[in-house]
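Structure first, then comments.
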Amino acid sequence: MKSLLLSAYNHLEIADFPAPVAGPGEVLVRVAACGICGSDVHGYDGSSGRRIPPIVMGHEAAGTIAAIGEGVKGYAVGDRVTFDSTLYCGACFYCQRGEVNLCDNRQVIGVSCGDYRRHGAFAEYVAVPQRILYRLPDNLSFADAAMLEAASVALHAVRISQLRDGETALVIGAGMIGLLTMQAAQALGCERVFVSDIDASRLGLATEVGARETLHCSGAELVAELLKRTEGRGVDIAFEAVGRNETVNAAIDCTQKGGTVTLIGNIQPEVTLPLQKVVTRQLHLQGSCASAGEYPQAIELIASGKIQVAPLITAIAPLEEGPRWFSRLHAREPNLMKVILTP
Ligand SMILES: [Zn+2]
Ligand SMILES: [Zn+2]
């Protein structure tokens, strides 16, 4: 089968690769669309250590079932499906509590990190266990379905923040996850959601997908402006979707006493924590990782248009253009959001 193979760091090629077979409990999916994730771009040059060549990357995919493995029930050849990027074991301490994103034996499709190598969906076919499979409604395109993983990540962050109806929120960072988090918070009943970024074009996109209050500033300026708009009190919940020292600190300063700061971004592995502020203002610091059971909700919200993903797709391109898109994303060309490849 045709695949986009990372044969060496910074080197992608279209290669003929043996097609996977659907083992027991698995289905073979003919891939129709697969999004390039930020983590793929960070793996491509070796910096994350999670895409050790040779590897076929790609975990944000959708397609149709081409073959059914032994013991698979309830699915048939031709069904339109997507799948969770995370493979969980279903048996460990965390899986039994339903926290499958924290599985001790977690594997991610399209990742090769030394402990395991699991080829992904930048190829004509991928084999996945039925456990992580979801059926797609007819009105959801494959390209939109490739955005489900990111939408699930956003919904997870909102859910574990225990957002209540009518609360206010701030999303710092109007990138892919930030804009989906903003929409998820609004869809789940958040009255006022502010979005901040230093990039005006991203804020324009935020407005396009329903942002009502955007803040084109950062750091002390952002804190001053946000406090001005919230009677000096700050928001109930700040979602930090960047992960730098300055943005984490701004999130803390923008949150009202007793409120929650949900940390999603992690560009920097470490930041300075203003301990005294967190303690004396009794803030909750909440990390958020991947998703755990939010796929069905993400499917419903995207299919019903309550979360808009089409404006966040920069390009839909054939697999052969993969190497060029990876190098453009890697070079951090401005105004690129999601690029989807169609094998
Ligand atoms: Zn991803
Ligand atoms: Zn597990």
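The values are calculated or read from the model by the stated rules, or taken from the named source; none is laboratory data. Computed from a prediction, not measured in an experiment: that's the story for all the values here. In this analysis, Cβ positions are derived from the backbone assuming ideal geometry, glycine residues included, and neighbour counts consider all displayed protein chains. SASA here: full protein model, heavy atoms, side chains in, ligands and nucleic acids out. Shrake-Rupley method; radii C 1.70, N 1.55, O 1.52, S 1.80 Å.
The heavy atoms of L273 present about 90 square angstrom of accessible area, all protein chains included, probe 1.4 Å.
Taken per residue, the accessible surface of the chain reaches 43 Å², heavy atoms only and a 1.4 Å probe. Residues H284, H330, sorted by accessible area with the largest first, give H284, H330 [1.4 Å probe; ligands and nucleic acids excluded].
Spin-label model, R233 to E221: label points 7 Å out along the Cα-to-beta-carbon direction sit 2.8 nm apart. Summing Lys, Arg as +1 and Asp, Glu as -1, what charge do residues with Cβ under 9 Å from the Cβ of A315 carry, A315 excluded? Neighbourhood net charge equals 0. Subtracting the Cα-Cα distance of Q276 and E13 from 0.36 nm times their residue separation leaves 89.5 nm of extension gain. Size of the chain from its Cα atoms: along the principal axes, largest to smallest, the extents are 60, 40, 38 Å.
Using alpha carbon centroids, what distance separates region 124-139 and region 63-99, in Å? Comparing the Cα centres of region 124-139 and region 63-99, I get a distance of 7 Å. On the protein heavy atoms, probe 1.4 angstrom, tell me the percent of accessible surface of region 87-203 carried by carbon and sulfur. Carbon and sulfur: 43 percent of the exposed surface of region 87-203.
Electrostatic bookkeeping for A331 treats Lys and Arg as +1 and Asp and Glu as -1; over the other residues with beta carbon under 12 Å from its beta carbon, the sum is +1. Computed from the C-alpha gyration tensor, the three semi-axes of the ellipsoid equivalent to region 179-307 are 24, 18, 14 Å, from longest to shortest.
Under the combined filter of DSSP loop state and at most 11 neighbouring Cβ atoms within 10 Å, region 25-130 retains these GluC sites (Glu not before Pro): E70. The HN-Hα couplings worked out from phi for region 128-139 by the Karplus form 6.51 cos²θ - 1.76 cosθ + 1.60 (θ = phi - 60°) are 9, x, 4, 3, 9, 8, 9, 7, 9, x, 4, 8 Hz, whole numbers, x standing for Gly and Pro. Taking one quarter of the surface of the convex hull spanned by the alpha-carbon atoms of region 1-141 gives a direction-averaged projected area of 8.7 nm². Working note: Debye formula, equal point scatterers on the alpha-carbon atoms of region 87-187, no solvent; log10 I(q)/I(0) at q = 0.15, 0.17, 0.23 Å⁻¹ is -0.86, -1.05, -1.30. Taking a ≥ b ≥ c as the square roots of the eigenvalues of the Cα gyration tensor, an a/c ratio of 1.5 or more together with a/b no larger than b/c marks region 217-269 as oblate. Placing a pseudo-label 7 Å from each Cα along the Cα-to-Cβ vector at S327 and C92 gives an inter-label distance of 3.9 nm. Taking the accessible area of region 244-284, probe 1.4 Å, and keeping the other protein chains in place, the carbon and sulfur fraction comes to 51%. Across the chain, C-alpha contacts under 8 Å between residues 6 or more apart give a mean separation that, scaled by the residue count, equals a relative contact order of 18 percent. Helix content alone sets the calculated 222 nm mean residue ellipticity of the chain: runs of n ≥ 4 DSSP H residues at -39500 (n - 2.57) each, divided across all residues, give -7500 deg cm²/dmol.
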